Amino acid sequence: MEFKSPYIAFSAPSGAGKTTIVRILEKKYLQLVISISAATRPRRSNEIDGHDYYFMDINDFKKKIEDGSFLEYEEVHGQYYGTLIEKIEEFTALGKTVLFDIDVNGAQSVKKHYPQALLFFIKPPSKEELIRRLQLRKSETEDIIKKRLERLQYEYEQAENFDHIIINDNLEDTVKEIEKLILK
């Protein structure tokens, strides 16, 4: 299989199905690999360094910021997360196509660094459906859901900068639509 770009980024409001889509694509195509972020937050007991995240202390992370080692990074609640350029380059040197499961700002950084990148914004069919999906997860409090919804308008505004906006109403159909757009 050949892909239209070695860099394919997906952004979406939390609960729209982005991570599920990325995982389905990675399982289906051996050439695809999901970008792994660096993080300064403590590693959870079920997480593996180099598989879930590249865990590093805050001083090392800040040094890499100064060195320009990150494709993108941001601070979230006092912890830093970012995409290391060298890790992306290692994947593409092996002939892999890199999938980014990333927020809207990170996706714009991917496009800036790799102009040939394909950017997909995944939308839920409605705000009500998004709320329903978030509630079904049972992993987030009502306060967290409210915070996620506060960001919705901003994310939708940023979607206009993406190559493709896909409404994820039916997961199987959504994946098929994306496959048509990423395969040569």
Across segment 86-102, what is the total count of residues that are buried (at least 21 other Cβ atoms within 10 Å of the Cβ) and either in a loop (DSSP other than H, G, I, E, B) or among the basic types (K, R) (or both)? 1
Of the residues that sit in segment 130-162 and are assigned to a helix (DSSP H, G or I) and under 17 Å from the mean Cα position of the chain (by Cα), which one is surrounded by the fewest Cβ atoms within 10 Å (Cβ to Cβ)? Y154
Of all residues in segment 1-48, how many are of a type in the set (S, T, N, Q) and farther than 25 Å from H113 by Cβ? 3
Segment 20-39, residues that are of a type outside the set (S, T, N, Q) and not in a helix (DSSP H, G or I): Y29, L30, L32, V33, I34, I36, A38, A39
Filtering segment 8-32 down to residues that are touching an Asp or Glu at 6+ places or on another chain (Cβ under 7 Å) and among the hydrophobic types (A, V, I, L, M, F, W, C), which residue is nearest to E86 (Cα to Cα)? L32
Options L71, L119: the member that is in a strand (DSSP E or B), closer than 20 Å to I167 by Cα and touching a strand residue (DSSP E or B) at 6+ places or on another chain (Cβ under 9 Å): L119
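Laboratory data are not the source of any read-out in this text; all were calculated from the coordinates shown. All values reported here derive from a predicted model rather than from experimental measurement. For neighbour counting, all protein chains shown are included, and Cβ atoms are generated from backbone atoms with ideal geometry for every residue, glycine included.
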